[in-house]
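Engineer: The structure follows.
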Amino acid sequence: MLVTGGAGYIGSHTVRALVEAGRKVVVLDSLEYGSADSVVGAPLVAGDIADEDAVEQLCRDHDVGALVHFAAYKAVGESMEQPGRYWHNNVDKSVSLFEAVIRAGVRDVVFSSSCSVNGNPASVPVAESAAIAPESVYAETKATVERVLHWFGVTAGLRSVSLRYFNAAGASFDNRIGEDWTRALNLVPLVMKSILLDDHPLTMFGTDYDTPDGTCIRDYIHVVDLADAHVRALAALFADAVPQRATAVNVGTGVGTSVRELIDRAEQVTGRPVPCEVGPRRAGDPAATYADPSLAHSLLGWEARHGIDDILATAYAWHSKTA
């Protein structure tokens with residue numbers, strides 16, 4: 001199978017999980033943000049997913065029968081400042097990729113989507129039936145590619161599962177691969193920066209939300225569990241167990257953790273203080289969002305095995321090594 005963006009954070013963990021599950025994998029990554037050192041157990045081809053001739057030939061050379069598509073830009077703020085860059089990379093290039101793999105005979109796709117397609121949800125936990133209401137260009141590109149996959153299903157017979165991730169975090173348990181925090185804007189790597197680097201206090205954006213402790217609540221999922229969801233989504237497609245040609249599935253723990261709770265757990269797990277300061281709310285941040293993972297359980301046979309302490313312990317071990 002072909003994994004695009006397989007040298008990135010979630011992609012590299014998924015490549016490793018697929019290889020361990022006995023799948024034959026080839027990785028295509030531009031290496032703009034990914035690292036060749038993160039690809040474990042699979043050949044890596046440096047290239048552009050929009051190069052249709054090269055993608056088609058790669059699929060034929062490696063007898064590719066399925067696609068796992070991660071390759072995308074993902075910085076929400078940047079997407080609002082450079083929308084054209086995100087439309088071109090995340091949507092336009094995905095269309096070229098899908099056309100190329102379809103010509104090569106691929107019919108099964110697992111797509112890296114996001115819970116951000118639901119924007120500020122009206123209620124929690126968030127089910128797949130929640131309104132699609134993106135609040136950033138990045139989120140809109142993910143929602144758009146989900147629709148593109150739907151129509152490729154109608155017109156070309158493509159079968160797809162779009163996995164809507166909640167907040168991926170942590171690192172591999174053997175400390176071999178993890179997240180590059182250079183451009184990371186997510187809470188866990190920022191907490192690790194505040195612990196491990198001088199003069200990097202964590203900013204809590206808003207402490208007056210309508211939540212038990214006033215800070216935002218999110219659903220943090222261990223990257224190893226997330227990788228397992230991709231393995232299971234592919235297995236479900238191969239077994240004809242997915243009832244619709246294009247299906248979206250939430251991937252989260254179903255447990256919400258507030259910013260303050262995560263900071264407290266980080267101090268307990270690492271034995272070190274988390275320097276932090278209070279800042280204003282950020283536009284578009286929902287007070288609370290966490291998954292209803294029941295469809296992932298019933299359709300894919302998947303559930304999260306690792307909680308917030310495992311996330312923090314593996315992230316701390318990884319970032320301590322790379323800081």
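Laboratory data are not the source of any read-out in this text; all were calculated from the coordinates shown. What you are looking at is a predicted structure, and each value in this text was computed from that prediction instead of being measured. Ideal geometry is used to build each Cβ from the backbone, glycine not excepted, and the neighbour counts take in all protein chains shown.
Engineer: Could you line up Asp309, Asp51, Asp174, Asp219 from fewest to most neighbouring Cβ atoms inside 10 Å?
Structural biologist: Values: Asp309 12, Asp51 16, Asp174 9, Asp219 26.
With the sparsest Cβ surroundings first, the list reads Asp174, Asp309, Asp51, Asp219.
Engineer: Another one. Ranking request for peptides 145-151, 239-245: highest mean number of other beta-carbon atoms within 10 Å first, then the rest in descending order.
Structural biologist: Working: 145-151: 18.7, 239-245: 11.9.
Going from most to least packed, we get 145-151, 239-245.
Engineer: Of (1) 1.35; (2) 0.96; (3) 1.01, which is the value of Cα Rg over 2.2 N^0.38 Å derived from the coordinates here?
Structural biologist: (2)
Engineer: Here is a follow-up. If you keep only loop residues by DSSP, which chymotrypsin sites (Phe, Trp or Tyr not before Pro) in the stretch 156-195 have at most 14 other Cβ atoms within 10 Å of their Cβ? Mind dumping the intermediate values first?
Structural biologist: Working: sites: Tyr165, Phe166, Phe173, Trp181; in loops: Phe166, Phe173, Trp181.
Answer in residue order: Phe173.
Engineer: Can you find, among Cys276, Ala288, Gly6, the residue sitting farthest towards the positive end of the charge dipole of the chain, where Lys and Arg contribute +1 and Asp and Glu -1 at Cβ?
Structural biologist: Result: Gly6.
Engineer: Given contacts defined as C-alpha pairs under 8 Å and at least six residues apart, what's the relative contact order of the chain, whole-number percent?
Structural biologist: Details: 665 pairs, mean separation 61.5, N = 323.
The value is 19 percent.
Engineer: For the chain, what is the calculated [θ] at 222 nm in deg cm²/dmol (nearest 500), taking -39500 (n - 2.57) for each run of four or more DSSP H residues and dividing by its residue count? Write out the running numbers ahead of the final one.
Structural biologist: Working: 11 runs with 123 residues, N = 323.
Calculated from helices alone, the mean residue ellipticity at 222 nm is -11500 deg cm²/dmol.
Engineer: Which order results if Asp61, Asp108 are arranged by neighbouring Cβ count within 10 Å, fewest first?
Structural biologist: Working: Asp61 11, Asp108 20.
Listed from fewest to most nearby Cβ atoms, that is Asp61, Asp108.
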